[in-house]
Amino acid sequence: ECRIRRVPVPVRMVDFTANYSTLSALLRVWQLVIAERWQQVDCTDDIHRLLATVTLDDCFDPDLWPHLVGFALVAPDDDVLPVRAQYNPNRPAFGIGVNHFTSTEPLWYPLPEVVAATLIGGRPPKILEAFRLHPDGVVDGLTSLMLPGGHMVDPAVDDPWKAMVEQRHRIRQDATLEPSVREGQQKGLKVASSSGAYGIWSEYNSNTEPAGKNAPVTIYGRHDQPWTDDVRAPETPGKYCSPPIAAVVTSGARLLLTLLERCVTDLGGSWAMADTDSMAIVANEDGGLLECPGGAELSTDGDSAIRVLTYQQVEDIRDRFTALNPYDRSAVPGSILKAEADAYCYAIAAKRYALFTYDEHGIPRLVPNKVHAACSHGLGHLLNPYANDKQIAGDRWVRELWEYHLAREVAGLDPEEPEWFDRPVLSQISTTSPTILNAFDTLNAGRSYAGQVKPFNFLTYAPGAQPPAGIGPEERYRLITAYTTDLSKWRTLDWINLHAPKEEQFVSLDPSTPGSATLATYRKLARCYITHPEAKALGPDGQPCERDTIGVLSRRHVHAGRIVTIGKEANRVDDRATGLADFSDADRLLVTYREPQDLAWDEVLALAKTRPLSEVAAAIGRSPRRTRDVLTGGSKARAATASRLVRYVADLERGDTLWSQGESIDE
């Protein structure tokens, strides 16, 4: 979340130690992993009692956490809960925000989420039912393993992800190891513990069926009984996939951040941003007030302001999290909440922020040697504009972009523009679909096999290219060309419009050629990047955040309209990032499962469409034109019309209606 937008604020950056491994240990998830079976135990009354009395202090008791491995059916009524929705009306993508949520349909949430909602909202959500998952027995065949450094783990007794974190910290402190060995062992243990504590439990793999074919998928969750739908891109669970474990671990992370949020706000403080396991708490040495649009305080001049905590107050907050340290204190001592940096934070939106300090000339400079000093979210899919200079690090341009913006936006300076501002924005993609490969048929015909574009070759893509005059915005325009490592040749390459007919697909970039196209530049990208809206939040004026919104953001109030069940949102990640996704194959990008009632309605429409249009119109009491719109999906049927159509189809299936002659809707 971004909470203070486009206002530089002093912060102490903090994050949680080995977040998912820590949560796995607190929740004792490993006992579920090695169990012979799970028991689903009703705990509705117990959860009602817990939520009626739970306090912030209670949640710092590690004995509470194992009791939160379960789920509750919630009737949301302005409760602060994670809700995935299409927040930005200009983009079809879903985003997830922790917002005030109301829904007439009850929904399942992991138990840590309902505790978090109670702590933030000041009252418990309405729980209709709840259950816990209890491990029963231990599977046979468990074998011990040896970690780097010689530490043995008995999985029948020890949590291996917890043991890996402990061993990683021991190795970090072992001065007898060669630096390269120490670094390699630490990284290996970090990757293994993080993926083991969360990643493997959430793995789903998309498998695209051939065009025109679907595969049946069974869906569980929202309704009393599972249902089946046919989809173009069925998602296959990974070998260790376990959605209950994945959901409980990630909701535990939300509860940890909620505890941190409450600790900060109970002191009257604020934060600039929070991201999964970290938070930039507004703080400095002395505390006080800082003018900021939308702040809850008033400065001495009567302007809106926020309260700045002192570093000591942040340290006191960190100390509270020592109680939740599940590790061997000789290996991982103290608090699980680490202090990462004291700096200024400039946040734009979720995952778009920078940490910086001022040099002796008052110029903002990114904090050195910090992974998150300059976020590359929204930039990572683009090619390095310094690509032809092998001596320049790959992320230098990202740092230069941020420091240019900070000098302008924060310090009010007129800095020199980066030398690459007028270079074209380009991206590297792969030939991962027939749609892309087929676009090169004409080009490939004149080349030897070695020089042809082949499946899974790299390609160069030009996001944001502007079409020649005469091509309307409704027409798809995606420019691609064969891959090259010499980006200085971009103007002379054979560019192809992916979605144009074969005879019209070649595009010229020579401005002296009539009908030439124009590539977007990094200058244009920079202007858009710094104003990217945080659509899932409200601005100081109480309206959804827009590009020009500045100041303290707040949570939106979301009222559920139509609730849909979707698949994973990481299919064809590269194509999504570049904008090259084939939107005509939208079902391959994000699977939207039809609900049982939708499937039944589809059957009604399918049967009705086989009948003469005049007959159907007479049966439902609507004009032929209106009837055609309903049957083809051009307009939604009102309740009375839908009811008549269902009765008509039911009569057809019973043979109670006389069949007449005439053209069917399909004909």
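The values are calculated or read from the model by the stated rules, or taken from the named source; none is laboratory data. Model, not experiment: these values are computed from the prediction. Cβ: placed from backbone, ideal geometry, glycine included. Neighbour counts: every protein chain shown. Ligands, DNA and RNA are excluded from the accessible area calculation, which covers all protein heavy atoms including side chains. Shrake-Rupley method; radii C 1.70, N 1.55, O 1.52, S 1.80 Å.
Here the spin labels are modelled as points 7 Å beyond Cα on the Cα-Cβ line, and at Ser614 and Asp629 they lie 2.2 nm apart.
Packing around the peptides 457-465, 20-28, taken as the average count of other Cβ atoms within 10 Å per residue, puts them in this order, highest first: 20-28, 457-465. Here's the list of lysines a cross-link from Lys351 could span, going by alpha-carbon distance under 17 Å and ignoring same-chain residues fewer than 8 apart: Lys370, Lys536. Protein heavy-atom accessible surface, 1.4 Å probe, per residue over region 100-155: 47 Å².
The fraction of Cα-Cα pairs per 20 angstrom bin, counted from 0 for the chain, comes to 14, 42, 35, 8, 0 percent, rounded to whole percents. The simple Förster model, with R0 at 60 Å and r as the Cβ-Cβ distance, assigns Thr518 and Lys126 a FRET efficiency of 0.60.
The simple spin-label model puts a point 7 Å past each Cα toward its Cβ; for Ala450 and Ile34 those points are separated by 5.7 nm. With r as the distance between the Cβ atoms of Ile363 and Phe421 and R0 = 25 Å, compute the FRET efficiency 1/(1 + (r/R0)^6) and round to 0.05. For Phe421 and Ile363, the calculated efficiency is 0.85. Kirkwood analysis of region 1-125, using all unique Cα-Cα pairs, places the hydrodynamic radius at 17.1 Å. Of the solvent-accessible surface of region 182-305, computed with a 1.4 Å probe over protein heavy atoms with every protein chain present, carbon and sulfur atoms account for 49 percent. Grab the other residues whose beta carbon is less than 12 angstrom from that of Pro243, score K and R as +1, D and E as -1, and report the net. The answer is -1. The DSSP beta bridges internal to the chain are antiparallel in roughly 95% of cases.
Distant-in-sequence amide contacts of Leu383, defined by a placed amide H-H separation under 5 Å and a gap of 5 or more residues or a different chain, comprise Leu426, Ser427, Gln428.
Bridgeable aspartates and glutamates around Lys454 (alpha carbons under 12 Å apart, same-chain partners fewer than 8 residues away excluded): Asp441.
The mean of 1/r over all pairs of different alpha-carbon atoms in region 415-574, once inverted, gives a Kirkwood hydrodynamic radius of 19.0 Å. Taking the centroid of alpha carbons for each part, region 250-282 and region 297-352 are 8 Å apart.
Applying 1/(1 + (r/R0)^6) with R0 = 41 Å to the Cβ-Cβ distance of Ala156 and Glu546 gives a FRET efficiency near 0.15. Counted over all Cα-Cα pairs of region 156-254, pairs farther apart than 20 Å make up 59 percent. Projected label points at Ser430 and Leu73, each 7 Å from Cα along the beta carbon direction, are separated by 4.3 nanometres. Per-residue extension of 0.36 nm, minus the Cα-Cα distance of Ala639 and Lys213, leaves a gain of 150.1 nm for this segment. Helical content alone sets the calculated 222 nm signal of the chain at -8500 deg cm²/dmol, taking -39,500 (n - 2.57) per DSSP H segment of four or more residues and averaging over every residue. Ordering Thr104, Thr610 by accessible surface, largest first, gives Thr104, Thr610; the 1.4 Å probe counts only protein heavy atoms, with every chain in place.
Note on Lys609: lysines with a C-alpha under 28 Å away, same-chain residues under 8 apart excluded, are Lys213, Lys636. Sorted on the mean count of surrounding Cβ atoms within 10 Å across their residues, most packed first, peptides 186-195, 495-504, 223-232 read 186-195, 495-504, 223-232.
Annotation: per residue accessible area for region 277-393 equals 47 Å², rounded to a whole number [probe 1.4 Å, protein chains only].
The residues Lys213, Lys351, Lys239, sorted by heavy-atom accessible surface at 1.4 Å with ligands and nucleic acids left out, run Lys239, Lys213, Lys351 from largest to smallest.
Peptide packing for 597-607, 289-299, 110-120, 9-19 was compared via the average number of neighbouring C-beta atoms within 10 Å per residue; ordered from the highest value, the list is 110-120, 9-19, 289-299, 597-607.
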